[in-house]
Amino acid sequence: MKILSVNIRGFNKDGKKGWFKHLINESNPIVAAVQETKRKKFSDQWIEYAWGSQNVKYAFKESCGRSGGLLILWDPNIFQVDSVVEGEFFIAIKGKLSNYDSEIVIVNVYGPHSDVKKKRFWNSLSELMSYDNAAWVLCGDFNYLRHAYERENTNFIARRASWFNEFINDNGLIEIPFSGRKFTRISDDGLQLSKLDRFLVWTKVSPTRYKRTRSIIST
């Protein structure tokens, strides 16, 4: 199952819509998760143009002012979605692949910046996961580092990383490694590099499945 995740940093900027359309055409995903759309609404015509066909369904979480905003698109002929859940910092779709019985939940994430909000965010995801025995894919911009080598010229705070790793480990999640670029975010001046975007997965064969019910992080 091919899933595309991208932080677009605003669809309203010149060329972003065409660039995204080219990315969809090049990668041909079944599901595309987009963060920081900075838009309050999308038309069916806009979505069909970006996807490259009318064979597309979508759900979105509108931006707050000129920041944030989440969009998730999928091919309904391959992935049949039966429910959409919207949280404070995520939007999730649940469904099944054609000719595949097990349910899959795909969560498009744009994590908050403050520590208090992050803990609330992780707790809400942990609670959501504890009620459903589907396979899980969490993707997007988590806005947190896991290890010191995931940044250059930016601050690494080990305490914060330990909180994030606790959430990942206690929920039995596995990070899927990227190929290609080492970092996923570059500052406008090109000096600060960091890895903030990730794919975290949980399946029914996870050896740490039993931990999922106790991953509520104290504030």
Open item on the list: Could you tell me how many of the residues in the stretch 6-32 are in a strand (DSSP E or B) and of a type in the set (A, V, I, L, M, F, W, C)?
Closed with: 3
- [ ] Consider GLU48 carefully, then state whether it is assigned to a helix (DSSP H, G or I) and farther than 23 Å from PHE11 by Cα.
- [x] no
Open item on the list: Filter the stretch 129-166 down to the residues that are hydrophobic (A, V, I, L, M, F, W, C), outside any loop (DSSP other than H, G, I, E, B) and within 20 Å of the chain's Cα centre (by Cα) and list them by number.
Closed with: MET129, ALA135, TRP136, VAL137, LEU138, CYS139, ALA161, TRP163, PHE164
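Hey, among the residues in the stretch 1-14 that are under 20 Å from ASP75 (Cβ atoms) and surrounded by 12 or more Cβ atoms within 10 Å (Cβ to Cβ), which one's modelled with the lowest pLDDT? Write out each step before concluding.
Narrowing the stretch 1-14 to residues under 20 Å from ASP75 (Cβ atoms): 1-6, 8.
Subset that is surrounded by 12 or more Cβ atoms within 10 Å (Cβ to Cβ): 1, 3-6, 8.
Values: MET1: 86, ILE3: 94, LEU4: 93, SER5: 93, VAL6: 91, ILE8: 92.
Top of the filtered list is MET1.
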Task: Residue identified as more than 13 Å from the chain's Cα centre (by Cα), buried (at least 17 other Cβ atoms within 10 Å of the Cβ) and outside the structural domain of ASP132 (by TED's automatic domain parsing) among LYS17, LYS61, LYS38 - done: LYS38
- [ ] Provide a single number: the residues in the stretch 85-110 that are of a type outside the set (Asp, Glu) and without any contact (Cβ under 8 Å) to a residue 40 or more places away in the chain.
- [x] 10
Open item on the list: Looking at the structure I just gave you, is GLY172 part of a strand (DSSP E or B) and at positive phi?
Closed with: no
TODO: Check off (1) modelled with pLDDT under 90; (2) of a type outside the set (Lys, Arg); (3) surrounded by 17 or more Cβ atoms within 10 Å (Cβ to Cβ) for PHE167 and give me the number that stays unchecked.
DONE: (1)
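Regarding VAL116, is this residue surrounded by 14 or more Cβ atoms within 10 Å (Cβ to Cβ), β-branched (Val, Ile, Thr) and either out of contact with any strand residue (DSSP E or B) (no Cβ under 9 Å at 6 or more places or on another chain) or not in a helix (DSSP H, G or I) (or both)?
It is false that VAL116 is surrounded by 14 or more Cβ atoms within 10 Å (Cβ to Cβ), β-branched (Val, Ile, Thr) and either out of contact with any strand residue (DSSP E or B) (no Cβ under 9 Å at 6 or more places or on another chain) or not in a helix (DSSP H, G or I) (or both).
The values are calculated or read from the model by the stated rules, or taken from the named source; none is laboratory data. Just so it is clear, the model here is predicted, and its values are computed rather than measured. In this analysis, Cβ positions are derived from the backbone assuming ideal geometry, glycine residues included, and neighbour counts consider all displayed protein chains.
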